[in-house]
Amino acid sequence: MPRSLKLRQSCIFDIKLSLLRNGFPSQRLLAEQLEIAQSTVSHFLNGKPVDFVNFVELCQALGRDWRDLADLEAEPPAEQTQPELNGQDSTVTILISGDASCAELITQLQQSFAQTRHQVVTPSTPLLSAENLQFSDYWLLLLTEQSIASEATLANVQLTRELQTKRCQPGILPILLNLPWMQRLPFDLLSYLQDSQPWQWQLSESFTRLSSALLEVLEQRRMTLSVNHELAISWRQLTTPADQSPLPPLPSAAPEIPGGQIDLESQFYIQRPPIETLCYEAIAQPGALIRIKAPRQMGKTSLMARILHQAKQQGARAIPLSFQLANQRSLTNPDTFLQWFCASVSLELGLLDPNQLASHWQLAPVIGSNQCCKAYFEQYLLPSLSTPLALGLDEVDRVFANLEIADDFFGLLRALHEEAKRREIWKNIRLIVVHSTEVYIPLDINKSPFNVGLPIELPEFTAPQVEELVQRYGLALSPEAIQALMELIGGHPFLVRLALYAIAHQTLSFDQLLQETFITGSIYADHLRRHLSNLERNPFLMEAFRDIVLHETPVRLPSEQAFKLDSMGLVKLVGNTALPRCKLYRNYFRRYFE
C-alpha cells in the first residue's frame, strides 16, 4: 500500500483558488473527473492525508507538481510509488527554445544535458509543432525583451496550454533573461504563463548556477524552485501594481517593442477621435455597456485599459478579465462557466469566498445558473463594494464556440444591462465587452447585448494618424514614403508600429522594408508564419482565403467563414464580399498558394 500525503498548510488557500482557475467550481466536479470519492477531494483540499496515488492525480488535475505541495516532512512517500514520466523511470525530454540572442546559452544547455541521461530537443523553426511539445516533459522557454513581443512566442505558449488541457505535459519553465526590462510583459502572454513559475537569469553570469538549478528540478521532477531561491521571481514583481497611477507621456522616449497592450503611460498610443471621448463619457453613466469590436492586434485591449483607467479616475473599481484565462474545462457547460466567471471577478476584487459561491449555487438545478450568477452579484458582490464596478470583458469570442453557453451568458449580460434601467443596485455595474469576431451565432434579438449600449468598431489608422506616429518615433518620412508604407500594410496599427520600430532602431532602411517583406527573417516573418499556421489548422478557412488571395476582385463567402477570417485580421469585408486586408497578405499568400 502506498503511503498517504497531505497538503502543506501554506498551500491550502492557493490550491482552493487553483481549483476554480482550472475549471472545477465544485469538489464534486473534480471528484467525478478523476472518478474518486468526493470525501477524498475534501480531505485533500483541507490538508488531511489522502492516498499517495490520489494525491498525485489531484495535483496533476490542477496543473501542479505534487512535490511542490506535499508536506513531505510529515509523511515521506514510498520511493516505489513515484509517478513516471513518458513511461520512463529516469529520463526526461527537454525542449529548449529562444531567439537569436540566446544561441550561446542554448548551446551551453545542450552540452550540459548531454552529460546526463536526459534528452534535449531544439526546434528548427520559431513556431513549435504539437508533436515536439506533446512528446516533451519540459519546455525551457527562454524569454528576452524581444521575444516576449514575438507572435511566435505567444502562439507557442497558447498551443502548449491547449495541449495541457488534454494531458499534463509539457511543463513550462519560463526563464527571463537580462532583467530588468524596460517594459511589462504583454497581458495576453502573461495570462497564459501566470501558473508557471518564472526564473530570472543574466546572460553575463556564470552558467554553472543555472545549470545546477535546472538539473536539480529535472532530477526531482519538480516544476518550481524553492520560494527563496536566488533564481526565483514572481510575475507580480514584473508587473506594475494595479493601484499605481500611470505616468504622463514622456516628451521623448526610446521606441517600445510592439506587441500586446500599449502601456497607459506610453507616448506611442494613437487616439482615434472621437472614439476615446465617446467611451470616456459612456463609462461614467450608470449601467453603461460599451461594445468594442475589431480584428486581432487593432488596439482593442489598449483601448479597454484606458476606459477602465478613466472609470477608476471617476471613483469606480476597475477590473479587466480576459476570457483567455478560462480553462477549456470551464467552457464545457453554462453552469461551470458562470461559476468560473463569478469566481474570477471575485478573485480580482479580493472577495473570493468559496462558501459564498457554493451557497449561491445550491438552487442551480431549480432556478438555473443565470439566476444563481445574478443573485451572487446582487446579494454578495455589489453590496460588498462602496463604489461602482467597471468590468472589462476581453476576448469574449471564446464563448461563441459553445452555443448553449453563449446563449445563457450573453442573455445574462443583456438582462443585467436592462436591470440597471430600473433598479438602483444594478446602476453600479458598467460593462465593456471586447471581441474580434462578428456575432455569427444565432441570438434572440431581445436577449443579445450586441444591439444595445455604445458600439465601437476600431478602424485602421488614417494617413494623418500614421504620420503622427512617425513623428513620435522621431522619424522623417516623406508623404510619399508614408503612402508607400500604407499601400503595403494599410493602417494596421501593429504592422505600422513594427515597421517604424525597426526603422527607428536602424535595423533596416525604409527601402529595405519594402523590398525584403517576404524573405525569411524579415520583420513580418513571425506575423505571417503565425497566420499561415492558424490557417493550416483550419482547412476550410485555408481554402476560403486561397480563393480570396488568387482573385483580383472581392470574393463572396459564407458568412461564418468571412467573419472568422475578418476576426483573424486577414480580410476586409465589403458588404457581403471579402478581399485581403493588405498587399502584404495578398503577395505573401499568393506565393504560398501558387
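The values are calculated or read from the model by the stated rules, or taken from the named source; none is laboratory data. The shown structure was predicted, so the numbers you read here are calculated from the model rather than taken from an experiment. Here the Cβ positions follow ideal geometry from the backbone for every residue, glycine too, while neighbour counts run over all protein chains shown. Each accessible area value is taken on the protein alone, full model and side chains, heavy atoms only, with ligands, DNA and RNA left out. Shrake-Rupley method; radii C 1.70, N 1.55, O 1.52, S 1.80 Å.
Looking only at residues of segment 133-154 that are aliphatic (A, V, I, L, M) and farther than 16 Å from residue 173 by Cα, we find that the one that is surrounded by the most Cβ atoms within 10 Å (Cβ to Cβ) is 149. Screening 258, 174 for residues that are modelled with pLDDT of 85 or more and buried (at least 19 other Cβ atoms within 10 Å of the Cβ) leaves exactly one candidate, 174. Contact annotation: residue pairs with Cβ atoms under 7 Å, 6 or more positions apart or on different chains, pairing a residue in segment 568-583 that is charged (D, E, K, R) with a partner that is open to solvent by 40 Å² or more (accessible area, probe 1.4 Å), are 572/579; 581/572; 583/487.
Residues of segment 530-554 that are touching a Leu at 6+ places or on another chain (Cβ under 7 Å) and aliphatic (A, V, I, L, M): 535, 541, 542, 544, 548.
Residues that are modelled with pLDDT of 85 or more, open to solvent by 40 Å² or more (accessible area, probe 1.4 Å), of a type in the set (S, T, N, Q) and not in a helix (DSSP H, G or I) within segment 87-115 comprise just one, 115.
May I ask you to list the residues in segment 274-285 that are in contact with a strand residue (DSSP E or B) (Cβ under 8 Å, 6 or more places away or on another chain), open to solvent by 30 Å² or more (accessible area, probe 1.4 Å) and either part of a loop (DSSP other than H, G, I, E, B) or within 22 Å of residue 572 (Cα to Cα) (or both)? First the steps, then the outcome.
Residues of segment 274-285 that are in contact with a strand residue (DSSP E or B) (Cβ under 8 Å, 6 or more places away or on another chain), as a first pass: 275, 278-279, 282-283, 285.
From what is left, the residues that are open to solvent by 30 Å² or more (accessible area, probe 1.4 Å) are 278, 285.
Result: 285, single match.
Filtering segment 289-334 to residues that are over 21 Å from residue 260 (Cα atoms), crowded, with 20+ Cβ neighbours inside 10 Å and either small (Gly, Ala, Ser) or without any contact (Cβ under 8 Å) to a residue 40 or more places away in the chain (or both) leaves 311, 316, 330.
Of all residues in segment 33-52 being part of a helix (DSSP H, G or I) and open to solvent by 70 Å² or more (accessible area, probe 1.4 Å), which is farthest from residue 7 (Cα to Cα)? Spell out how you get there, then give the answer.
Just the residues of segment 33-52 that are part of a helix (DSSP H, G or I), to begin with: 33-34, 38-45, 52.
Adding the requirement that they be open to solvent by 70 Å² or more (accessible area, probe 1.4 Å) leaves 33, 38, 43.
Numbers: 33: 20, 38: 17, 43: 9 Å.
The qualifying residue farthest from residue 7 (Cα to Cα) is 33.
Residues in segment 529-552: is at least one of a type in the set (Val, Ile, Thr) and more than 24 Å from residue 457 (Cβ to Cβ)? Yes, some residue in segment 529-552 is of a type in the set (Val, Ile, Thr) and more than 24 Å from residue 457 (Cβ to Cβ).
Inspect all residues belonging to segment 465-479 and state whether any of them is over 26 Å from residue 307 (Cβ atoms) and open to solvent by less than 30 Å² (accessible area, probe 1.4 Å). Yes, there is a match, as at least one residue in segment 465-479 is over 26 Å from residue 307 (Cβ atoms) and open to solvent by less than 30 Å² (accessible area, probe 1.4 Å). Residue 321 satisfies every condition listed in (1) assigned to a helix (DSSP H, G or I); (2) under 20 Å from residue 402 (Cα atoms) except (1). If I ask for residues that are in a loop (DSSP other than H, G, I, E, B) and either more than 22 Å from residue 99 (Cα to Cα) or at pLDDT below 75 (or both), which ones from segment 195-226 would you list? Residues satisfying the conditions are 195, 220, 221, 222, 223, 224, 225, 226.
With the structure loaded, tell me whether residue 270 is assigned to a loop (DSSP other than H, G, I, E, B), open to solvent by less than 10 Å² (accessible area, probe 1.4 Å), over 25 Å from residue 423 (Cα atoms) and of a type in the set (A, V, I, L, M) or whether it fails that test. Don't jump to the end; show me each part of the working.
On the way: assigned to a loop (DSSP other than H, G, I, E, B): yes; open to solvent by less than 10 Å² (accessible area, probe 1.4 Å): yes; over 25 Å from residue 423 (Cα atoms): yes; of a type in the set (A, V, I, L, M): yes.
Judged against the criteria, residue 270 is a match.
Considering segment 53-86, and only residues there that are at pLDDT below 80, of a type in the set (A, V, I, L, M, F, W, C) and under 17 Å from residue 34 (Cβ atoms), the residue that is surrounded by the fewest Cβ atoms within 10 Å (Cβ to Cβ) turns out to be 53.
Against the definition (touching a Ser or Thr at 6+ places or on another chain (Cβ under 7 Å), of a type outside the set (Gly, Ala, Ser) and under 30 Å from residue 266 (Cα atoms)), how does residue 437 come out, yes or no? Here the answer is yes, as residue 437 does meet what is asked. Number of residues in segment 126-135 that are part of a loop (DSSP other than H, G, I, E, B), within 15 Å of residue 157 (Cα to Cα) and in contact (Cβ under 8 Å) with a residue 12 or more places away in the chain equals 3. Within segment 500-508, is even one residue without any contact (Cβ under 8 Å) to a residue 24 or more places away in the chain, open to solvent by less than 60 Å² (accessible area, probe 1.4 Å) and not polar (S, T, N, Q)? Checked segment 500-508: at least one residue is without any contact (Cβ under 8 Å) to a residue 24 or more places away in the chain, open to solvent by less than 60 Å² (accessible area, probe 1.4 Å) and not polar (S, T, N, Q).
Let me confirm something: among 530, 556, which residue is of a type in the set (Lys, Arg) and open to solvent by less than 70 Å² (accessible area, probe 1.4 Å)? Outline the logic, then answer.
Working: 556 fails: open to solvent by less than 70 Å² (accessible area, probe 1.4 Å).
When all the criteria are applied, what remains is 530.
Just to be sure, is residue 406 within 23 Å of the chain's Cα centre (by Cα), under 16 Å from residue 323 (Cα atoms) and without any contact (Cβ under 8 Å) to a residue 40 or more places away in the chain? In short, yes.
Report, by residue number, each residue of segment 509-563 that is more than 25 Å from the chain's Cα centre (by Cα) and β-branched (Val, Ile, Thr). 517, 519, 520, 548, 549, 553, 555 - these are the residues of segment 509-563 that are more than 25 Å from the chain's Cα centre (by Cα) and β-branched (Val, Ile, Thr).
A count restricted to segment 549-585 and to residues that are basic (Lys, Arg) and in contact with a strand residue (DSSP E or B) (Cβ under 7 Å, 6 or more places away or on another chain) stands at 3.
Restrict the check to segment 442-451 and report whether at least one residue is at pLDDT below 95, assigned to a loop (DSSP other than H, G, I, E, B) and of a type in the set (A, V, I, L, M, F, W, C). Walk me through how you get there before you give the answer.
Kept after step one, since they are at pLDDT below 95, are these residues of segment 442-451: 442-451.
From what's left, assigned to a loop (DSSP other than H, G, I, E, B): 442-448.
Applying the additional criterion that residues be of a type in the set (A, V, I, L, M, F, W, C) yields 443, 445.
Yes, segment 442-451 has at least one match.
Tell me the residue from 589, 593 that is surrounded by fewer than 20 Cβ atoms within 10 Å (Cβ to Cβ) and of a type in the set (Phe, Trp, Tyr), please. Talk me through it step by step, then tell me what you get.
Values: 589 fails: surrounded by fewer than 20 Cβ atoms within 10 Å (Cβ to Cβ).
Exactly one of 589, 593 is surrounded by fewer than 20 Cβ atoms within 10 Å (Cβ to Cβ) and of a type in the set (Phe, Trp, Tyr), namely 593.
When residue 523 is tested against (1) aliphatic (A, V, I, L, M); (2) closer than 25 Å to residue 268 by Cβ; (3) not in a loop (DSSP other than H, G, I, E, B), only condition (3) is not met.
For residue 541, the stated conditions do not hold, so it cannot be described as more than 20 Å from residue 566 (Cβ to Cβ) and assigned to a helix (DSSP H, G or I).
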